[in-house]
Amino acid sequence: MHYLGADPAEHRDVLTIAQQLARYLRDHPDGCDTAEGIARWWMDPLEAAVPEVMMEAALAWMTACQLMEALHAADGRIRYRLASDAADINAKLAAMVRDPHSVLPCDTAQQPRQVH
C-alpha cells in the first residue's frame, strides 16, 4: 500500500502528475482510461515514464479532490475519468493547473485514500 505524501519530494512529484492530469482533462474532458493507459497516453512523451505507484497516488489524490472518478469495469479493471457530478469542474481543473493545493479536500489533515 502507498499513501500520498509519505515523502515531501514524492508529494511534490505526485502534485506535478496531478497538474498534468488536470491539463489533459481540461483539453480532453471525455478521456477515460486505466492507470496504465493514462501513464502511457496522457503524460508528456518527452518526459520520463511515470512510475505506477506515483500514477496511482496522483489518481487517488485527484479522486479525493473530486476531480476524477474511478469506474470498476466488468473486466475487473479500474478506469478513471473526469468526475461527472462535480460542480464547477472546469473552474476546479483551472485551479488545479495553477495551484494543486487550491483544490485540496476540506479536511487537509486527512490523507487521500490508500492506493494498492
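Descriptive notes on the structure:
- Selected residue (criterion: modelled with the lowest pLDDT) from residues of the stretch 74-100 that are assigned to a strand (DSSP E or B) and not charged (D, E, K, R): Leu82
- Within the stretch 42-70, the set of residues being within 18 Å of Ser84 (Cα to Cα) and outside any helix (DSSP H, G or I) comprises Cys65, Gln66, Leu67, Met68, Glu69, Ala70.
- Taking (1) at pLDDT 95 or above; (2) surrounded by fewer than 15 Cβ atoms within 10 Å (Cβ to Cβ) in turn, Pro45 satisfies each apart from (1).
- Subset of the stretch 69-91 (residues that are farther than 20 Å from Asp13 by Cα, surrounded by 11 or more Cβ atoms within 10 Å (Cβ to Cβ) and of a type outside the set (A, V, I, L, M)): Glu69, Arg77, Arg79, Arg81, Asn90
- The stretch 37-96, subset under 18 Å from Asp27 (Cα atoms) and β-branched (Val, Ile, Thr), residue farthest from the chain's Cα centre (by Cα): Ile89
- Taking the criterion of being exposed (fewer than 14 other Cβ atoms within 10 Å of the Cβ) and either under 24 Å from Asn90 (Cβ atoms) or among the aromatic types (Phe, Trp, Tyr) (or both), the residues of the stretch 25-42 that qualify are Asp27, His28, Pro29, Asp30, Trp41.
The values are calculated or read from the model by the stated rules, or taken from the named source; none is laboratory data. Computed from a prediction, not measured in an experiment: that's the story for all the values here. Note that we place each Cβ from the backbone using ideal geometry, even for glycine, and neighbour counts take in every protein chain shown.
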